[in-house]
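Any read-out appearing in this document is the output of simple, stated calculations on the displayed coordinates, not a laboratory observation. Computed from a predicted model, the values in this text were never measured in an experiment. Cβ: placed from backbone, ideal geometry, glycine included. Neighbour counts: every protein chain shown.
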Amino acid sequence: MSTGRSLIEKVWQSHVVPGADGELDLLYIDLHLIHEASSPQAFDGLRLAGRRVRRPDLTLAVEDHNVPTHSVVITDLMSKQQVETLRRNCDQYAIELFRLGDSRQGIVHVVAPEQGLIHPGMTVICGDSHTSTHGAFGALAFGVGTSDVEHVLATQTLPLSPPRTMAVEFVGDLPADVTSKDLMLTLIAHIGANGAHGHIIEYRGQVIERISMEGRMTICNMSTEAGARAGMIAPDELTYRYLQGRPGAPKGAAWDEALAYWKTLGSDADSIFDRTVTIDVTTLTPFVTWGTNPGQAVPIDERVPDPASFSDVRERAAAERSLNYMNLVPGTRMDSVDIDTVFVGSCTNGRIEDLRAAAAVLRNRKVADGVRMLVVPGSMEVRQQAEAERLHEVFLDAGAEWRLSGCSMCLGMNPDRLTGTKRCASTSNRNYEGRQGPQARTHLVSPAVAAATAVTGRLTRSSQLSATGAS
């Protein structure tokens, strides 16, 4: 019988607080991230119970979901109320807050890594499902509900059942125009939007090893779209180089000590997973969603599927509902679908690498007439870096809007929402009904596909744009 342990098991087991047999595991939490959208009720609960925040020094607050990206002045009354509530709560409980206008402000899942706050082997939670992003560093990171936010604020622990484990191995040589976003849309289309339910995923193999930290964050970010509790990638030299020198990273002797520990975290050779999924990437092309969940996706040069082709009755009904909402006809080529709006940003694809990819496509080209394009950096530091590289000039020259940082058009919770039945090519993570606006239609794509789509006004892969000489 194997005695080897996986990365997942090593991190989980090292954080279990000893307790009575038969109880849920009580997991100690190393870092608690909060934002304005999911924390107000948790603080109200603390006050009603007369409790304090146990470890404000292990808690960081960021304003991101409700903030405008065209100005630092919040005019929407509901957004203003939520942000002001977070500010009062942070003042009362002495929690550090990155406010709108702060040079460190941005989307929580972009800000925490760039500040060097996420380390291999940590446990990280937030009242936000895309907390799984931080698993790219070998951290166990996952989203929780408001009652769990309150529990962690009060105790710095969380009672949980041990998860099942899943290994996902991408094998083969990655084609030049296939990105981390495409890998995840491929995986989710393969196993289904709930195919990893109850599991924590470890992403493995040479394909993962060759992907940048930004790309790894995209992969772990979308683990939740497959139904997983979290996604993790074993730390390696790339991880250590990314972290070294950042404000929150260990320094001096503490760095050497941390590094020695981090190097022990990889899964043992004889570790066993509850499930293994293997995806051959060799022949992959960029993917795009056609429906209303991330699993309803196909290669961009293929066609909208016919619901009748689904053998499962529930999948067939879901496909019919999705096509009705999306106003698409079976058999339609995905690369013929016209787009009104293009959004580049979010905690999935709002990092500097993503902006570089979009700018490379847009350089010396123009956004098509009738198309609106928003480019929203994932943080103010990303914005500053992009401007230092003059990427903002590429976007502005092309006719795109260059914005401040925030969650923006990822979700209809701030002024950057779609109106009516507009159709958006979005680098975000969810395409649910009403996600970007009450009747909005969302197609999930990579940054390069988003930029190429902005140029042609229809869903377009970047390599096709080069081949046709479109401008």
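Where does the charge balance sit around S463 when Lys and Arg score +1, Asp and Glu -1, over other residues with C-beta under 12 Å from its C-beta?
-2
If packing is taken as the average number of other Cβ atoms within 10 Å across a peptide's residues, how do 35-45, 126-136, 151-161 rank, most packed first?
With the highest mean Cβ count within 10 Å placed first, the list reads 126-136, 35-45, 151-161.
By how many nm would the segment from E209 to T3 lengthen if fully extended, with 0.36 nm per residue of separation less the alpha-carbon distance?
My answer for the length gained is 71.6 nm.
Taking the Cα centre as origin and putting +1 on Lys and Arg beta-carbons and -1 on Asp and Glu beta-carbons, what dipole magnitude results for the chain, to the nearest 20 debye?
Magnitude of the dipole: close to 780 debye.
Give, in nm to one decimal, the length gained when the segment between N327 and T155 is fully stretched (0.36 nm per residue of separation minus the Cα-Cα distance).
57.1 nm
Mind checking the angle between helix 40-49 and the chain's longest principal axis? C-alpha axes, 0 to 90 degrees, to the nearest 10.
Long axis of 40-49 versus the principal axis of the chain: about 20 degrees.
What trypsin sites (Lys or Arg not before Pro) in region 369-459 are in a loop by DSSP, with at most 16 other Cβ atoms within 10 Å of the Cβ?
Answer by residue number: R390.
Once you treat every alpha carbon in region 7-262 as an equal point and sum by Debye, what is log10 I(q)/I(0) at q = 0.07, 0.12, 0.16 Å⁻¹?
Values, matching the q order: -0.24, -0.73, -1.25.
Using a Förster distance of 41 angstrom, determine the FRET efficiency expected from the C-beta separation of D274 and D369, and round it to 0.05.
Using R0 = 41 Å, I get an efficiency of 0.20.
Against the globular-protein guess of 2.2 N^0.38 Å, express the Cα radius of gyration of region 234-333 as a ratio, rounded to two decimals.
Compactness ratio reported: 1.77.
Round to the nearest 10 and give me the degree value, 0 to 90, for the angle of helix 352-362's Cα axis relative to the longest principal axis of the chain.
0 degrees
In what sequence do E315, E114 fall when counting other Cβ within 10 Å, fewest first?
E315, E114
What is the distance, in nm, between label points placed 7 Å from the Cα along the Cα-to-Cβ direction at Y28 and at A94?
Here the modelled spin labels are 2.1 nm apart.
What dipole magnitude, in Debye to the nearest 20, does region 382-471 give about its Cα centre under +1 on Lys/Arg Cβ and -1 on Asp/Glu Cβ?
Roughly 420 debye, rounded to the nearest 20.
Test of the criteria: in region 234-327, which chymotrypsin sites (Phe, Trp or Tyr not before Pro) are in a DSSP loop and have at most 12 other Cβ atoms within 10 angstrom of their Cβ?
For chymotrypsin sites (Phe, Trp or Tyr not before Pro) across region 234-327 that sit outside H, G, I, E and B with at most 12 neighbouring Cβ atoms in 10 Å, the list is empty.
Determine which lysines satisfy two conditions relative to K80: a Cα distance under 24 Å, and not lying fewer than 8 residues away in the same chain.
Reachable lysines: none.
Under 28 Å between alpha carbons, and skipping anything fewer than 8 positions from K251 in its own chain: which lysines qualify?
Within the straight-line cut-off, K251 pairs with K10, K263.
Please compute the contact order of the chain in relative form: average sequence separation of alpha-carbon pairs under 8 Å and at least six residues apart, divided by the residue count, as a percent.
17 percent
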